[in-house]
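Just below is one structure, and these are the notes that go with it.
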Amino acid sequence: MDCIFCKIVDGSIPANKVFENEEVLAFHDINPAAPVHVVVIPKKHIASLNEAEDDDWAIMGEIQRAARKVAEELDIADTGYRIVNNCGKNGGQEVFHIHYHLLGGARLAPLGVAKSHK
């Protein structure tokens, strides 16, 4: 498999890890978009939210739990943070291994409303 996140999971590509358990891994993004920018992934390869199967929903819950724990450990839980998932090419997904961006450490700009593209 040529998935960069699977290679991070198996240790063939290094990452600055901030959380790991049997099902989930979280690491600092190499191109941060905020003072705190952590990527949270399942260790199991799931291409995107659209490909998640019925038996994957427990893992999805573990991702949420890990994001909260990382936010607490990095001292952004009380001030606030954002969790973003890009799904599919038009949604901005670049790595096709489901992942969530945990962003915080500063006041984040409000998300704009997408303009209609007819």
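Per-residue answers, yes or no, for (1) surrounded by fewer than 17 Cβ atoms within 10 Å (Cβ to Cβ); (2) modelled with pLDDT of 95 or more; (3) assigned to a loop (DSSP other than H, G, I, E, B):
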position	(1), (2), (3)
57	yes, yes, no
83	yes, yes, no
87	yes, yes, yes
98	no, yes, yes
109	yes, no, yes
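Take the residues in the range 59-79 that are out of contact with any helix residue (DSSP H, G or I) (no Cβ under 9 Å at 6 or more places or on another chain) and part of a loop (DSSP other than H, G, I, E, B), then tell me which one is farthest from residue 21 (Cα to Cα). Here the residue is 79. Residue pairs whose Cβ atoms lie under 9 Å apart, sitting 6 or more positions apart in sequence or on different chains, and linking a residue in the range 31-47 that is touching a residue at least 60 places away in the same chain (Cβ under 8 Å) and closer than 19 Å to residue 73 by Cα to a partner that is exposed (fewer than 15 other Cβ atoms within 10 Å of the Cβ) and among the acidic types (Asp, Glu), are 36/75. Considering (1) farther than 15 Å from residue 5 by Cα; (2) at pLDDT 95 or above, the lone condition that residue 118 does not fulfil carries the number (2). Tell me the residue from 67, 58, 52, 47 that is of a type outside the set (D, E, K, R), within 29 Å of residue 107 (Cβ to Cβ) and out of contact with any Cys (no Cβ under 8 Å at 6 or more places or on another chain), please. From the options 67, 58, 52, 47, the qualifying one is 67.
For first residues located in the range 52-63 and closer than 18 Å to residue 96 by Cα, partners that are in a helix (DSSP H, G or I) and lie 6+ apart or on another chain with Cβ distances below 8 Å form the pairs 52/60. For the range 5-46, give me the residue count where each residue is surrounded by 12 or more Cβ atoms within 10 Å (Cβ to Cβ) and among the hydroxyl-bearing types (Ser, Thr, Tyr). Total meeting the criteria: 0.
Here residue 63 meets the list (1) loosely packed, with under 12 Cβ neighbours inside 10 Å; (2) under 11 Å from residue 24 (Cβ atoms) almost entirely, failing just condition (1).
The values are calculated or read from the model by the stated rules, or taken from the named source; none is laboratory data. Because the structure is predicted, anything quoted here is derived from the model rather than measured. Note: ideal-geometry Cβ built from the backbone for every residue, glycine included; neighbour counts use all protein chains shown.
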